[in-house]
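Colleague: Quick one: the structure is below, and I'll ask about it shortly.
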Amino acid sequence: MEITKNTRVSAILEEYGDIADVMEVFGIKRVGRYSLRMLAAKAVTVEWAARIHRVPLAEFLDILHEATKNNTQS
């Protein structure tokens, strides 16, 4: 899966599983259970997540790419 600024956070979670630890690096905190985060993430793109949490988009994308490089959900 290619992750771009237009990729929905929910699509990343579906493809790679719960990568909440990576998201927390950027201040995106856990929201209860995984299923609640998934619901909240359905409409949010990577670009919006970066904006909301005031993280430079390029840096956000780099860390997401690194975190998902060898991590696919079984």
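Values in this text are rule-based calculations from the coordinates and carry no lab data. What you see is a predicted model, and the numbers here were worked out from it, not measured in a lab. Cβ placement follows ideal geometry from the backbone for every residue including glycine, while neighbour counts extend to all protein chains displayed.
Colleague: Quick one: length gained pulling Asn6 to Glu47 fully straight, 0.36 nm per residue minus the C-alpha distance?
Modeller: Working: separation 41, 0.36 × 41 = 14.76 nm, distance 0.64 nm.
Value of the extension gain: 14.1 nm.
Colleague: In whole Hz, with x marking every Gly and Pro, tabulate ³J(HN,Hα) for segment 42-47 from phi via Karplus 6.51 cos²θ - 1.76 cosθ + 1.60, θ = phi - 60°.
Modeller: Karplus-based 3J(HN,Hα) across segment 42-47 equals 4, 9, 9, 8, 4, 4 Hz.
Colleague: Here is a further query. Quick check on the exposure proxy: order Glu59, Glu15 from fewest to most C-beta atoms within 10 angstrom.
Modeller: Listed from fewest to most nearby Cβ atoms, that is Glu59, Glu15.
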